[in-house]
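Here is the structure we will look at.
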Amino acid sequence: MQPRTEATLGRLMASRLWKSIFRSGRGTSTLHRSMAIQQSVFLHILPAKVRRRMLNFDATWYLGTLTLGTFLVLVITGILLMFYYHPSVPQAYADMKDLRYVVSSGLFLRNLHRWSAHAMVLLAFAHMFRVFYRGAYRPPREFNWVVGVILLLITLLLSYTGYLLPWDQLAFWAITVGSNISSAVPIVGQKIHFLMLGGNQVNANALLRFYVLHCVILPLAAVLFIAVHFWRIRKDGGLYVQQSEPAKGAGEARVSTEDSAQEAVAKP
Amino acid sequence: MSDYVAGMSSDAKNSPKRVVFVTRRTSAHVRSVDEEQVQTYPEALFRAALAVQVLVIALVLLSLLFNAPLEGIANPTVTPNPAKAPWYFLGLQEMLHYFPPIVAGVLIPTLLVVALVVIPYFNINIRPDGVFLKSRRRNLTVFYIVAASLSLFLWFFDVYVALAPTLMVAGFMLIAAFSAPQSPDRFRRYLVSRPVSWWIMTWFLLELAVLTVVGTFFRGPGWSWVLPWRS
Ligand code: HEM
């Protein structure tokens, strides 16, 4: 950084305004850095310290982090797409054409949203298998595994409801195939099918329902459960330590899940 | 201690205290974890940001190179053949080809979700020892019965797509069953030490991958078998 910029930044960070917002203020001490986590409503769901070897790529492959990354990209591109989209028939399809031929970078925006959505589904699955093969679902992390399964289902539903929105042949028939399955549920199948689509087949009502689920309800649910997921990582004593993963740190004692549980109690 | 009242009527003015009851005569037992820790900010957060940046670059490149599909406007009177669900449901759609909707569309997905949820609550999934190392006789019998009936079932309904991964995993389990934990072969030693949960999950992963790939690339009009490179 330029010295001038750095000085300006320093003055800014030492100002009363800055300190009133970010209570940690300026500094690189351990205290300041812990405060940076603890004094932020968004970051305080993370622990202030983590085990060094959990930052190695081979522990988690960063798959959970990357899943969150795709989610953030999807929220940003999704909000931008909402500026151009009407959940009505046939306007929805016309909006797709406009995005392609009229809106500047509209095509790129749609591509980014589409490919990120596929990536998120893939990454959520990969993350689940990675967590399983590390044995990180073991107590005391059982419930976070369950939260994870809920997140996986939310991810699938997000992707599925979004699939209908372009209102092209691909969208229409994919949702028709999928929603017909719900009719197979015993006794209440037809009712579920009707409730889901707002009719007996995929039509304008279904588009509106899927739109509301896709843009409001499911994203809110996702944010809520991601918050619980992260909070539980901290409360369960940080990321799972595998016995066989060699400790790169200084003289390492026995670390068992039991220990991390106790640690979580001792340092809430 | 005297001012501490347990239960609903605890005095809210008292801050909670951690109490330890020592019931037997024991010496103090300190368990220390001497593991190197680093600050979440900046060490973990910066690494996470870096990972996300690499991801975003990859996604942007992908979006510049490939366009999202857009077909003609939705038309309820023209059914494409085949009509396919999104790719992550094509494994289930492949099953729908063999079994009635109540089985492939309702029963299987419900069982899958339930099975995933309960994994951490059963000790059999927590124990880390190789499946054939403890109570070998019993586990071998169970393995033979389960593998044989599952394979026969899939064979009976002509579900060869799901039969192939099943036979493959069963084959590797057989190798595991007849390898010694001290086997000179590294791969065999690895197989021997795998617990039962590992085998089930690996079978599931393989089925998921094979069925999804088949449904996505190898299925054409009327759900017939096609070769993606010959179209
Ligand atoms: C929207 C989807 C999800 C997001 C954003 C997410 C995010 C994360 C992140 C950032 C971590 C930290 C470690 C890492 O990066 O791998 C993590 C850990 C974990 N996740 Fe997820 N996750 C998601 C879905 C899932 C699913 C589907 C499961 C399993 C069914 C799961 C189970 C867990 C467990 C048990 C841990 C703790 C792992 C450990 O202690 O080592 N998560 N998650």
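The values are calculated or read from the model by the stated rules, or taken from the named source; none is laboratory data. No experiment lies behind these values; they were computed from the predicted model shown. Using ideal geometry, Cβ is built from the backbone for each residue, glycine included, and neighbour counts are taken over all protein chains shown. What goes into the accessible areas is simple: the full protein's heavy atoms, side chains included, and nothing from ligands, DNA or RNA. Shrake-Rupley method; radii C 1.70, N 1.55, O 1.52, S 1.80 Å.
Which order do the peptides B:45-55, B:197-207 come out in when sorted by mean C-beta neighbours inside 10 angstrom, highest first?
Those peptides, ordered most packed to least, come out B:197-207, B:45-55.
Looking only at other chains, what is the average number of their beta-carbon atoms within 10 angstrom of each beta-carbon in A:102-112?
So the per-residue partner count for this stretch is 3.
How many lysine pairs does the protein assembly as shown hold where the Cα atoms are under 29 Å apart and the two sit 8 or more places apart or on different chains?
16
Accessible area drop of at least 50 Å² (1.4 Å probe, protein heavy atoms): which residues of the range B:119-159 qualify, relative to the chain alone?
Those are B:120, B:121, B:126, which lose 50 Å² or more relative to the chain on its own.
Peptide B:71-84: average number of partner chain Cβ atoms within 10 Å per residue?
Shielding by partners across B:71-84 averages 6.
Compute the accessible area per residue over the protein assembly as shown, keeping the other protein chains in place, probe 1.4 Å, unit Å².
The answer is 58 Å² per residue.
How many Cβ atoms of partner chains, on average, are near each residue of A:153-166 if near means within 10 Å of its Cβ?
The shielding value for this peptide is 2.
Under a point-charge model restricted to the Cβ atoms of Lys and Arg (+1) and Asp and Glu (-1), what is the dipole moment magnitude of the protein assembly as shown relative to its Cα centre, in debye to the nearest 20?
Here the protein assembly as shown has a charge dipole of around 1420 debye.
Under the rule a/c < 1.5 gives rounded, and otherwise a/b versus b/c splits prolate from oblate, where does chain A land using the Cα gyration tensor?
Taking the square roots of the gyration eigenvalues as a ≥ b ≥ c, chain A is oblate.
How far is helix B:196-217 tilted off the main Cα axis of chain B, in degrees rounded to 10, range 0 to 90?
With both axes taken from Cα atoms, the answer is about 30 degrees.
Let me know the charge dipole size of the range B:87-223 about its Cα centre in debye, to the nearest 20, where only the beta-carbon of Lys, Arg (+1) and Asp, Glu (-1) is charged.
I would put it at about 640 debye.
Among A:150, A:117, A:24, which residue has its Cα positioned farthest towards the positive end of the charge dipole of chain A, with +1 placed on the Cβ of Lys and Arg, -1 on the Cβ of Asp and Glu, and the dipole taken about the Cα centre?
The listed residue farthest towards the positive side: A:24.
For helix A:106-134, what angle does its Cα long axis make with the longest principal axis of chain A, in degrees from 0 to 90 and rounded to 10?
Compared with the principal axis, the helix lies near 60 degrees.
Relative to the longest principal axis of chain B, what angle (0 to 90°, nearest 10) does the C-alpha long axis of helix B:108-118 take?
20 degrees
Enter the Cα centre distance for the pair the range A:165-223 and the range B:37-104, rounded to the nearest angstrom.
Their Cα centres are 18 Å away from one another.
When the helices in the protein assembly as shown are scored as -39500 (n - 2.57) per DSSP H run of 4 or longer and the sum is shared across all residues, what 222 nm value do you end up with, to the nearest 500 deg cm²/dmol?
Here the helix-only value at 222 nm equals -18000 deg cm²/dmol.
Which order do the peptides B:80-89, A:112-121 come out in when sorted by mean C-beta neighbours inside 10 angstrom, highest first?
Ranked by mean Cβ neighbours within 10 Å, highest first: A:112-121, B:80-89.
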